[in-house]
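Some notes on the structure that comes next.
The values are calculated or read from the model by the stated rules, or taken from the named source; none is laboratory data. The structure presented is a predicted model; accordingly, all values stated were derived computationally and were not measured. When we count neighbours, we look across all protein chains shown, and the Cβ atoms used for this are built from the backbone with ideal geometry, even at glycine.
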Amino acid sequence: MKKLILLFVVLSFLTSPLAAVADELDTPAVAKPGELIVEINGVVCSICAKGLKKNLAKLNFQSPVLTEKSGVKIDIRSGRLVLHRDLTKPIDFGAIRTAVKRGGYELAKLYMHLTGSVESVDGKWLLTEKAGANKFALAKAPAGLPKGSTVTARITINASAVAKAKPGQIVPAEVVEITNSVL
């Protein structure tokens, strides 16, 4: 009986960290202003992801302001890479996809924190970044925001939208959070 109780105690300690990791993977990443979080499928160790970090560090809209030399920080547990971007440069979504693919991985999602204005064009809501040339088509109309409002938004962009995005094109995005802001 003592062995059985000991077995349950040991198993509970082993499964708790796994449950925490599973919960972390289910929650959306929270990007800070100027960050671009790239969620990757299949990242299991930092040595394996070295080429991926190197490829992402070469992107021309990337700004190496993090403490790491490359400007790209990786969290192996969540499979997410964080990079800072130069807000004045347009994002090359195709280059992100190519960098991930060259690293031997599959892109899952992108997470961003944006500041800009919203407008309705042909029945679709667009968010235009304040500092950059990036425009995002919002999946749902932002509730209670008149067009022309200045907003702060957290968005996600799925892998299929990244795959279809062309330079200078409006990219479809899902709003995680959007608030009216005063700049």
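Selection of first residues in the stretch 166-182 that are on the phi > 0 side of the Ramachandran plot and of second residues that are modelled with pLDDT of 85 or more, restricted to Cβ pairs under 7 Å at least 6 apart or on distinct chains, gives the following pairs, ordered by first then second residue: Gly168/Pro90.
Taken over the stretch 26-46, residues that are among the β-branched types (Val, Ile, Thr) and over 13 Å from the mean Cα position of the chain (by Cα) amount to 2.
How many of the residues making up the stretch 85-107 are more than 15 Å from Cys48 (Cα to Cα) and touching a Lys or Arg at 6+ places or on another chain (Cβ under 9 Å)? Write out each step before concluding.
Taking the stretch 85-107 and keeping what is more than 15 Å from Cys48 (Cα to Cα), we get 85-98, 107.
Keeping just the survivors that are touching a Lys or Arg at 6+ places or on another chain (Cβ under 9 Å) gives 87, 91, 93-95, 107.
The total comes to 6.
Rundown of residues vs (1) among the acidic types (Asp, Glu); (2) closer than 15 Å to Lys32 by Cβ; (3) crowded, with 19+ Cβ neighbours inside 10 Å, yes/no style:
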| site | (1), (2), (3) |
| --- | --- |
| Lys73 | no, yes, no |
| Thr88 | no, no, no |
| Leu110 | no, yes, yes |
| Thr128 | no, no, no |
| Gly144 | no, no, no |
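Please list, ordered by residue number, the strands (runs of 3 or more DSSP E) wholly in the stretch 47-137 having 1 or more residues that are free of Cβ contacts under 8 Å to residues at least 40 places away in the same chain, out of contact with any strand residue (DSSP E or B) (no Cβ under 6 Å at 6 or more places or on another chain) and not acidic (Asp, Glu). Walk me through it before giving the result.
On the way: elements: 72-75, 80-84, 106-121, 124-129.
Once the strands (runs of 3 or more DSSP E) in the stretch 47-137 are filtered for at least 1 residues that are free of Cβ contacts under 8 Å to residues at least 40 places away in the same chain, out of contact with any strand residue (DSSP E or B) (no Cβ under 6 Å at 6 or more places or on another chain) and not acidic (Asp, Glu), what remains is 106-121.
Listed by first and then second residue, the pairs with beta-carbon distance under 9 Å, at least 6 apart or on different chains, first residue in the stretch 145-163 and over 15 Å from Lys109 (Cβ atoms), second modelled with pLDDT under 90 and among the basic types (Lys, Arg), are Thr150/Lys130. Checked across the stretch 128-141, the condition of being at pLDDT 85 or above and more than 18 Å from the chain's Cα centre (by Cα) holds for at least one residue.
Might you let me know whether the stretch 47-57 holds any residue that is over 14 Å from the mean Cα position of the chain (by Cα) and at pLDDT below 70? Break it down stepwise before answering.
Taking the stretch 47-57 first, the residues over 14 Å from the mean Cα position of the chain (by Cα) are 47-55, 57.
Of the ones still in play, those that are also at pLDDT below 70 are none.
No.
What about Val9, is it surrounded by fewer than 17 Cβ atoms within 10 Å (Cβ to Cβ), hydrophobic (A, V, I, L, M, F, W, C) and modelled with pLDDT of 85 or more? No: the conditions fail for Val9.
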